[in-house]
1. Which peptide among 59-70, 96-107, 6-17 comes first, and what is the full order, when sorted by highest mean count of other Cβ atoms within 10 Å?
2. Using only DSSP helix segments of four residues or longer, with each worth -39500 (n - 2.57), what per-residue ellipticity at 222 nm results for the chain after dividing by its residue count and rounding to 500?
3. Rounding to the nearest 20 debye, state how big the charge dipole of the chain is about its Cα centre with +1 on each Lys and Arg Cβ and -1 on each Asp and Glu Cβ.
4. Taking amide H positions as placed 1.01 Å from N in the peptide plane, with prolines and chain starts having none, which residues 5 or more places from residue 38, or on another chain, fall under 5 Å of its amide H?
5. Find how much the distance from residue 27 to residue 86 grows on full extension, using 0.36 nm per residue of separation minus their present alpha carbon separation; answer in nm with one decimal.
6. Could you compute the net charge surrounding residue 23? Neighbours are other residues with a C-beta less than 11 Å from the C-beta of residue 23; K and R count +1, D and E count -1.
7. Assuming a viscosity of 0.692 mPa s and a temperature of 37 °C, what translational diffusion coefficient in µm² per second does Stokes-Einstein assign to the chain, Rh being the Kirkwood radius over Cα pairs?
Amino acid sequence: RWVGAGRVAAHGAQIQHSDLEMLNGCQLGIRHEAKTGRYVAEMLPESRCCFQYQGQERQVILGFAVDASHLLTYDRGVDPISGAALWGAIAGPYRFQKIQDFASECPP
């Protein structure tokens, strides 16, 4: 239903709080690395992030690292039984480099 909402602002603007689903057990620990200035998020050891998709249980493993000019995302889907990677950052993180600053578009 929301495919493409990140590219089309009008679609994203239609998303309501009731459209979101809380994934119980899905918890990230976030830490700041003072030496590098990066923020790093990793799933807590006791976390298990699962949801139903097309009648099957799916599991995601989440994580990211971000600094002033880069974003690395480690999100990937895994089989909840075997742990085999199904999609996402399987061969390493997705790497994004900032090319434009949109801070002025954010509310204060």
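1. By packing density, highest mean first, the sequence is 59-70, 6-17, 96-107.
2. Value at 222 nm, helices only, nearest 500: -500 deg cm²/dmol.
3. Here the size comes out at about 220 debye.
4. 33
5. Separation in residues times 0.36 nm, less the Cα-Cα distance, equals 19.2 nm.
6. Taking every other residue near residue 23 into account, the sum is +1.
7. It comes out at roughly 201 µm²/s.
A short reminder: the numbers here are calculations on the coordinates, not readings from a lab. Note that the structure is predicted; figures quoted are calculated from it, not measured. Cβ atoms come from the backbone with ideal geometry, glycine included; neighbour counts cover every protein chain shown.
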